[in-house]
Amino acid sequence: MEILGATLRICVEDLDATVPFYEKLAGGRAMRFERGGVSVAAVGCFLLMSGPEADLEVLRKVSATIAVQDVDEARQVLTDSGAQVLAGPVATPAGRNLIALHPDGTVYEYADRRTPA
């Protein structure tokens, strides 16, 4: 499994007020979407999230999003290495993802850009 990059997950109070700063910082426009009750803006290596505190509480437990070529391959490598897949793989607006608990107790999201056939 090749790790292509990482995205920093940031929970914010006011997404609309925060996005312009990160767009300037990253030098690009944010891609926005809704996931459950949470509003999300992806810009550069930042994933900004805003919504109900109960939803954000769960999201804060995920340390980072790891970009991979193929979530199915990541699932196999993770489970073979002793990680526990907590959720997924599931389709998202940008591809597929899964949530995994590493043996050290850290939780990560793994995501690819593949859309279901």
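The values are calculated or read from the model by the stated rules, or taken from the named source; none is laboratory data. Just so it is clear, the model here is predicted, and its values are computed rather than measured. Cβ placement follows ideal geometry from the backbone for every residue including glycine, while neighbour counts extend to all protein chains displayed.
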Quick check on my filter: what residues within the stretch 1-39 are of a type in the set (Asp, Glu) and within 16 Å of Gly95 (Cα to Cα)?
Glu34
Can you tell me which condition Asp80 does not meet? The list is (1) more than 12 Å from Thr7 (Cβ to Cβ); (2) modelled with pLDDT of 95 or more; (3) touching a strand residue (DSSP E or B) at 6+ places or on another chain (Cβ under 7 Å), and all the others hold.
(3)
